[in-house]
Amino acid sequence: FAACALAGLVNAQVESVNVVGYLTCEIDSGAGEFMSNIGVPLKNLGAVDGAYTVSNELFSYTCQDGDTVYVFNPDNWNLDFFSYVGFDQGWSASWSDGTVTLESSFVVEPGANLFFMPADGASSVIIAGEVAASGTQQVVFDPTDGDWMWPIVNPFPIDTTLGDIESFAVAGDTIYVFNPFNWNLDFYSYVGPGQGWSVSWSDGSVSLITDSTTVLFPAGTGGLYMPNGDGQVRTWNVTLTY
(Lines give C-alpha, C1' and ligand atoms only; values in the text may rest on other atoms or scores of the structure.)
Protein backbone atom coordinates (compact mmCIF):
# COMPACT_ATOMS: atom_id res chain seq x y z
CA PHE A 1 0.00 0.00 0.00
CA ALA A 2 2.89 2.37 0.74
CA ALA A 3 3.80 2.25 -2.95
CA CYS A 4 0.36 3.63 -3.73
CA ALA A 5 0.49 6.29 -1.01
CA LEU A 6 -1.30 9.55 -1.71
CA ALA A 7 -0.88 13.19 -0.72
CA GLY A 8 -2.90 16.07 0.61
CA LEU A 9 -3.52 17.64 3.98
CA VAL A 10 -7.06 18.74 4.75
CA ASN A 11 -7.72 22.11 6.27
CA ALA A 12 -11.02 21.25 7.91
CA GLN A 13 -13.31 23.87 9.40
CA VAL A 14 -16.39 22.74 11.27
CA GLU A 15 -19.63 24.59 11.80
CA SER A 16 -22.80 23.04 13.12
CA VAL A 17 -26.26 23.96 14.33
CA ASN A 18 -27.91 21.26 16.43
CA VAL A 19 -27.04 18.06 14.55
CA VAL A 20 -26.46 19.50 11.06
CA GLY A 21 -23.05 20.73 9.99
CA TYR A 22 -20.40 20.85 7.31
CA LEU A 23 -16.70 20.33 6.78
CA THR A 24 -14.63 22.45 4.42
CA CYS A 25 -11.70 20.45 3.03
CA GLU A 26 -9.18 22.66 1.28
CA ILE A 27 -5.88 22.08 -0.52
CA ASP A 28 -2.94 24.33 0.29
CA SER A 29 -1.55 24.46 -3.23
CA GLY A 30 0.85 27.19 -2.18
CA ALA A 31 2.57 24.69 0.11
CA GLY A 32 2.81 22.14 -2.67
CA GLU A 33 -0.30 20.12 -1.83
CA PHE A 34 -2.55 18.89 -4.62
CA MET A 35 -4.66 16.21 -2.97
CA SER A 36 -7.07 16.09 -0.02
CA ASN A 37 -7.25 13.35 2.62
CA ILE A 38 -10.95 13.39 3.51
CA GLY A 39 -12.40 11.55 6.49
CA VAL A 40 -16.20 11.40 6.46
CA PRO A 41 -17.69 11.83 9.96
CA LEU A 42 -21.06 13.14 8.74
CA LYS A 43 -24.12 11.34 7.36
CA ASN A 44 -26.02 12.21 4.20
CA LEU A 45 -29.39 13.59 5.28
CA GLY A 46 -30.90 12.44 1.98
CA ALA A 47 -30.06 8.74 2.40
CA VAL A 48 -31.53 6.25 4.86
CA ASP A 49 -28.13 4.67 5.51
CA GLY A 50 -26.33 8.02 5.54
CA ALA A 51 -24.12 7.15 2.55
CA TYR A 52 -23.14 9.64 -0.16
CA THR A 53 -23.60 8.68 -3.81
CA VAL A 54 -20.97 10.25 -6.05
CA SER A 55 -22.11 10.75 -9.64
CA ASN A 56 -21.47 14.19 -11.15
CA GLU A 57 -20.82 15.68 -7.72
CA LEU A 58 -18.44 14.73 -4.92
CA PHE A 59 -20.36 15.98 -1.90
CA SER A 60 -20.90 19.67 -2.82
CA TYR A 61 -18.21 19.82 -5.51
CA THR A 62 -19.16 19.62 -9.20
CA CYS A 63 -16.77 17.14 -10.77
CA GLN A 64 -14.59 17.97 -13.76
CA ASP A 65 -12.84 15.82 -16.34
CA GLY A 66 -9.75 14.24 -14.85
CA ASP A 67 -10.75 14.47 -11.19
CA THR A 68 -9.66 11.36 -9.29
CA VAL A 69 -10.93 9.82 -6.05
CA TYR A 70 -9.04 7.05 -4.22
CA VAL A 71 -10.88 4.89 -1.69
CA PHE A 72 -9.24 2.25 0.50
CA ASN A 73 -10.64 -1.25 -0.05
CA PRO A 74 -10.11 -3.35 3.12
CA ASP A 75 -10.87 -6.60 1.31
CA ASN A 76 -7.88 -6.18 -1.00
CA TRP A 77 -5.70 -3.98 1.25
CA ASN A 78 -5.33 -1.54 -1.59
CA LEU A 79 -6.99 1.41 -3.29
CA ASP A 80 -9.90 1.64 -5.70
CA PHE A 81 -9.29 4.49 -8.18
CA PHE A 82 -12.20 6.45 -9.66
CA SER A 83 -11.34 8.86 -12.49
CA TYR A 84 -14.09 11.18 -13.73
CA VAL A 85 -14.64 10.87 -17.47
CA GLY A 86 -17.17 13.67 -17.89
CA PHE A 87 -20.77 14.73 -17.33
CA ASP A 88 -23.20 11.82 -17.88
CA GLN A 89 -20.26 9.59 -18.85
CA GLY A 90 -19.42 8.52 -15.33
CA TRP A 91 -16.23 7.26 -13.76
CA SER A 92 -13.50 4.96 -14.99
CA ALA A 93 -13.04 2.63 -12.00
CA SER A 94 -9.72 0.84 -11.53
CA TRP A 95 -10.60 -1.63 -8.81
CA SER A 96 -8.06 -2.93 -6.31
CA ASP A 97 -8.55 -6.47 -7.64
CA GLY A 98 -7.11 -5.38 -11.01
CA THR A 99 -10.36 -5.02 -12.97
CA VAL A 100 -11.46 -1.85 -14.76
CA THR A 101 -15.07 -0.80 -15.33
CA LEU A 102 -17.08 2.28 -16.24
CA GLU A 103 -19.44 3.33 -13.46
CA SER A 104 -22.16 5.97 -13.46
CA SER A 105 -21.59 6.46 -9.73
CA PHE A 106 -19.99 5.03 -6.61
CA VAL A 107 -20.85 5.17 -2.91
CA VAL A 108 -18.93 6.73 -0.02
CA GLU A 109 -20.01 5.42 3.39
CA PRO A 110 -19.90 7.38 6.65
CA GLY A 111 -16.58 6.64 8.30
CA ALA A 112 -14.76 6.30 4.98
CA ASN A 113 -11.29 7.72 4.45
CA LEU A 114 -10.72 8.81 0.87
CA PHE A 115 -8.31 10.90 -1.16
CA PHE A 116 -9.41 13.49 -3.71
CA MET A 117 -7.13 14.84 -6.41
CA PRO A 118 -8.89 17.58 -8.41
CA ALA A 119 -7.82 18.01 -12.00
CA ASP A 120 -7.12 21.71 -11.37
CA GLY A 121 -4.98 20.94 -8.32
CA ALA A 122 -6.77 23.46 -6.12
CA SER A 123 -10.52 22.86 -5.75
CA SER A 124 -11.95 22.46 -2.26
CA VAL A 125 -14.77 20.18 -1.12
CA ILE A 126 -17.54 20.91 1.37
CA ILE A 127 -19.25 17.97 3.08
CA ALA A 128 -22.70 18.76 4.45
CA GLY A 129 -24.57 16.29 6.60
CA GLU A 130 -25.86 15.13 9.94
CA VAL A 131 -23.53 15.26 12.93
CA ALA A 132 -23.62 12.25 15.24
CA ALA A 133 -26.00 12.67 18.14
CA SER A 134 -24.70 14.22 21.35
CA GLY A 135 -23.38 11.61 23.74
CA THR A 136 -21.39 8.44 23.09
CA GLN A 137 -20.85 6.90 19.65
CA GLN A 138 -19.28 3.50 18.97
CA VAL A 139 -16.96 2.42 16.18
CA VAL A 140 -16.44 -1.36 16.07
CA PHE A 141 -13.52 -3.10 14.34
CA ASP A 142 -14.47 -6.76 14.04
CA PRO A 143 -11.89 -9.11 12.45
CA THR A 144 -14.42 -11.96 12.46
CA ASP A 145 -15.97 -10.23 9.42
CA GLY A 146 -12.87 -11.24 7.46
CA ASP A 147 -11.18 -7.82 7.38
CA TRP A 148 -7.96 -7.05 9.21
CA MET A 149 -7.45 -3.39 8.31
CA TRP A 150 -9.99 -0.58 8.24
CA PRO A 151 -10.29 3.13 7.50
CA ILE A 152 -10.55 4.96 10.82
CA VAL A 153 -12.35 8.30 11.21
CA ASN A 154 -13.63 9.98 14.34
CA PRO A 155 -17.44 9.64 14.42
CA PHE A 156 -17.59 13.31 15.41
CA PRO A 157 -16.05 16.15 13.34
CA ILE A 158 -13.31 16.77 15.93
CA ASP A 159 -9.57 16.18 16.21
CA THR A 160 -8.44 12.66 17.15
CA THR A 161 -5.56 12.31 19.61
CA LEU A 162 -3.31 9.39 20.43
CA GLY A 163 -5.11 9.19 23.76
CA ASP A 164 -8.41 8.63 21.95
CA ILE A 165 -6.92 5.58 20.24
CA GLU A 166 -5.28 4.37 23.45
CA SER A 167 -8.75 4.08 24.99
CA PHE A 168 -9.32 0.88 22.98
CA ALA A 169 -5.99 -0.11 21.41
CA VAL A 170 -3.89 -3.12 22.42
CA ALA A 171 -0.10 -3.28 22.30
CA GLY A 172 1.02 -3.96 18.73
CA ASP A 173 -1.95 -2.22 17.09
CA THR A 174 -0.91 0.14 14.29
CA ILE A 175 -2.33 3.33 12.80
CA TYR A 176 -1.19 4.42 9.33
CA VAL A 177 -1.42 8.14 8.59
CA PHE A 178 -0.48 9.68 5.28
CA ASN A 179 2.34 12.24 5.37
CA PRO A 180 1.90 14.74 2.50
CA PHE A 181 5.44 16.05 2.77
CA ASN A 182 7.08 12.67 2.16
CA TRP A 183 4.41 11.15 -0.11
CA ASN A 184 4.27 8.12 2.14
CA LEU A 185 2.82 6.71 5.36
CA ASP A 186 3.80 7.32 8.98
CA PHE A 187 3.32 4.13 11.07
CA TYR A 188 2.17 4.56 14.69
CA SER A 189 2.59 1.31 16.64
CA TYR A 190 1.13 1.20 20.15
CA VAL A 191 3.70 0.03 22.70
CA GLY A 192 1.28 -0.30 25.62
CA PRO A 193 -0.41 1.61 28.47
CA GLY A 194 1.84 4.39 29.73
CA GLN A 195 4.51 3.59 27.14
CA GLY A 196 3.23 5.54 24.18
CA TRP A 197 3.69 4.96 20.47
CA SER A 198 6.70 3.92 18.42
CA VAL A 199 6.49 5.95 15.21
CA SER A 200 8.22 4.89 12.01
CA TRP A 201 8.18 8.15 10.10
CA SER A 202 7.89 8.26 6.34
CA ASP A 203 11.35 9.86 6.10
CA GLY A 204 12.92 6.69 7.56
CA SER A 205 13.44 7.93 11.13
CA VAL A 206 11.94 6.36 14.26
CA SER A 207 10.82 8.02 17.50
CA LEU A 208 8.70 7.42 20.60
CA ILE A 209 5.70 9.63 21.41
CA THR A 210 4.39 9.44 24.97
CA ASP A 211 2.21 12.58 24.96
CA SER A 212 -1.33 11.24 24.64
CA THR A 213 -2.67 14.71 23.73
CA THR A 214 -0.79 14.59 20.39
CA VAL A 215 -3.25 15.02 17.52
CA LEU A 216 -3.12 11.96 15.29
CA PHE A 217 -5.42 13.29 12.60
CA PRO A 218 -7.30 16.59 12.53
CA ALA A 219 -11.06 16.90 12.13
CA GLY A 220 -12.17 15.87 8.67
CA THR A 221 -9.22 13.55 8.04
CA GLY A 222 -8.54 9.92 8.88
CA GLY A 223 -6.14 7.03 8.67
CA LEU A 224 -5.98 3.25 8.48
CA TYR A 225 -6.17 0.98 11.51
CA MET A 226 -4.65 -2.52 11.80
CA PRO A 227 -5.00 -4.52 15.07
CA ASN A 228 -2.10 -6.70 16.24
CA GLY A 229 -3.58 -9.92 14.84
CA ASP A 230 -5.02 -11.33 18.06
CA GLY A 231 -8.42 -11.69 16.41
CA GLN A 232 -10.20 -9.72 19.12
CA VAL A 233 -12.89 -7.11 18.46
CA ARG A 234 -11.91 -3.50 19.20
CA THR A 235 -14.62 -1.03 20.22
CA TRP A 236 -13.96 2.71 20.20
CA ASN A 237 -16.34 4.72 22.38
CA VAL A 238 -16.24 8.45 21.61
CA THR A 239 -18.20 10.93 23.73
CA LEU A 240 -19.07 14.49 22.76
CA THR A 241 -21.83 16.38 24.55
CA TYR A 242 -23.35 19.51 23.04
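The values are calculated or read from the model by the stated rules, or taken from the named source; none is laboratory data. Owing to the predicted nature of the structure, the values given are computational and were not obtained by experimental measurement. In this analysis, Cβ positions are derived from the backbone assuming ideal geometry, glycine residues included, and neighbour counts consider all displayed protein chains. These accessible areas exclude ligands, DNA and RNA; they are computed on the full protein's heavy atoms, side chains included. Shrake-Rupley method; radii C 1.70, N 1.55, O 1.52, S 1.80 Å.
Would you check which residues across segment 195-230 are on the phi > 0 side of the Ramachandran plot, over 21 Å from the mean Cα position of the chain (by Cα) and at pLDDT below 95 and list them? Selection gives G204, G229. In segment 142-160, is there at least one residue being among the small types (G, A, S), touching a strand residue (DSSP E or B) at 6+ places or on another chain (Cβ under 8 Å) and in a loop (DSSP other than H, G, I, E, B)? No, segment 142-160 contains no residue that is among the small types (G, A, S), touching a strand residue (DSSP E or B) at 6+ places or on another chain (Cβ under 8 Å) and in a loop (DSSP other than H, G, I, E, B). G111: under 17 Å from the mean Cα position of the chain (by Cα), modelled with pLDDT of 90 or more and closer than 17 Å to Y52 by Cα, yes or no? Judged against the criteria, G111 is a match. Picking from residues in segment 166-183 that are open to solvent by 50 Å² or more (accessible area, probe 1.4 Å) and modelled with pLDDT of 90 or more, the one that is farthest from W236 (Cα to Cα) is V170.
Within segment 32-82, if we keep just the residues that are under 22 Å from P180 (Cβ atoms) and of a type in the set (D, E, K, R), the residue that is surrounded by the fewest Cβ atoms within 10 Å (Cβ to Cβ) turns out to be D80. Of everything listed in (1) open to solvent by 30 Å² or more (accessible area, probe 1.4 Å); (2) charged (D, E, K, R); (3) without any contact (Cβ under 8 Å) to a residue 24 or more places away in the chain, the single unmet condition for D186 is (1).
This table checks each residue for (1) buried (at least 19 other Cβ atoms within 10 Å of the Cβ); (2) in contact with a Lys or Arg (Cβ under 7 Å, 6 or more places away or on another chain); (3) closer than 16 Å to P151 by Cβ.
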| position | (1), (2), (3) |
| --- | --- |
| Y84 | yes, no, no |
| T101 | no, no, no |
| S105 | no, no, no |
| P110 | yes, yes, yes |
| F115 | yes, no, yes |
| G121 | no, no, no |
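Answer yes if at least one residue in segment 149-160 is modelled with pLDDT of 95 or more, under 18 Å from the mean Cα position of the chain (by Cα) and farther than 26 Å from F59 by Cα, and no otherwise. The answer is no; no qualifying residue exists. When D145 is tested against the conditions (1) under 25 Å from Q232 (Cβ atoms); (2) of a type outside the set (A, V, I, L, M, F, W, C); (3) at pLDDT 95 or above, the lone failure is (3).
Going through S212, S198 one at a time, which residue ends up being without any contact (Cβ under 8 Å) to a residue 60 or more places away in the chain, surrounded by 14 or more Cβ atoms within 10 Å (Cβ to Cβ) and either assigned to a loop (DSSP other than H, G, I, E, B) or aliphatic (A, V, I, L, M) (or both)? Working first, answer last.
On the way: S198 fails: either assigned to a loop (DSSP other than H, G, I, E, B) or aliphatic (A, V, I, L, M) (or both).
None of the other options fit; the residue is S212.
Can you find, within segment 86-99, the residue that is most open to solvent (accessible area, probe 1.4 Å) among those that are outside any strand (DSSP E or B) and closer than 28 Å to P155 by Cα?
In the first step, residues of segment 86-99 are kept if they are outside any strand (DSSP E or B); the result is 87-89, 95-99.
After this cut, where a residue has to be closer than 28 Å to P155 by Cα as well, the list is 95-96.
Values: W95: 78, S96: 25 Å².
For segment 86-99, the residue satisfying everything is W95.
Using the structure shown, decide if D164 is touching a residue at least 40 places away in the same chain (Cβ under 8 Å) and more than 17 Å from V40 (Cα to Cα). Criteria met by D164. For segment 151-165, the criterion of being over 24 Å from P227 (Cα atoms) and open to solvent by 40 Å² or more (accessible area, probe 1.4 Å) is met by none of the residues.
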